[in-house]
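I have placed the structure first, in the form of structure tokens, so that the comments after it can refer back to it.
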């Protein structure tokens, strides 16, 4: 299953990338985040693997996130014609996912964030549920982008917003 969601952020690309790269901000916009701890390396750096626990309703899901691409590696002085890439793989029981985020300067004070998501499922229960869950996965991805936009533009914290 593959899909792409996007959103326009009302802040310069360099600022958007800085906010995304700072692990201290994750709980403020990543709805349901219980834990995000690097097992090796530094948060956001290529090759770093992190243990991630998310809560959705009464269920918790534990997964391993591996950063597979970050270009450019430095966030300082990114030329306006360069797209910032931030890719990661997420593995959980019965599921593999790749998220490829692209941040493009849409204007001096605006950023286009495009998030391409790919999922593969193993095991009969997950494979049977995948077609039914397609809309829910897309909705959750869109919600993450909207939550980040509210955090980055207005300082809204999902833990307080309910």
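Rule-based calculations on the coordinates, nothing more; no lab input. For clarity, every value in this text was computed on a predicted model and none was experimentally measured. Glycine gets a Cβ as well: all are built from the backbone with ideal geometry, and neighbour counts include every protein chain shown.
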Calculated FRET efficiency, residue 40 and residue 93, Cβ-Cβ r, R0 30 Å, to nearest 0.05?
0.90
In Å, what is the Rg of the alpha-carbon atoms in the chain, and how long is Dmax?
15.7, 48
Mean-square fluctuation check for the chain, GNM, Cα pairs under 10 Å: which of 26, 54, 124 is largest?
124
Under 14 Å from a label point 7 Å along Cα→Cβ of residue 122: give me every residue in segment 88-105 with its amide N that close.
90-97
Tilt, helix 124-154 to longest principal axis of the chain (alpha-carbon atoms), in degrees rounded to tens, equals 30 degrees
Ascending count of other beta-carbon atoms within 10 Å, so fewest first, for 29, 96:
96, 29
For a quick check, take a GNM of the chain with Cα springs below 10 Å and name the residue from 101, 87, 22 with the largest mean-square fluctuation.
22
Sorted from fewest to most neighbouring beta carbons within 10 Å, what does the list 119, 3 look like?
3, 119
Inter-label distance for residue 56 and residue 137, nm, one decimal - labels placed 7 Å from Cα along Cα-to-Cβ
1.0 nm
Per-residue ellipticity at 222 nm for the chain, helices alone: DSSP H runs ≥ 4 residues times -39500 (n - 2.57), over residue total, nearest 500 deg cm²/dmol?
-9000 deg cm²/dmol
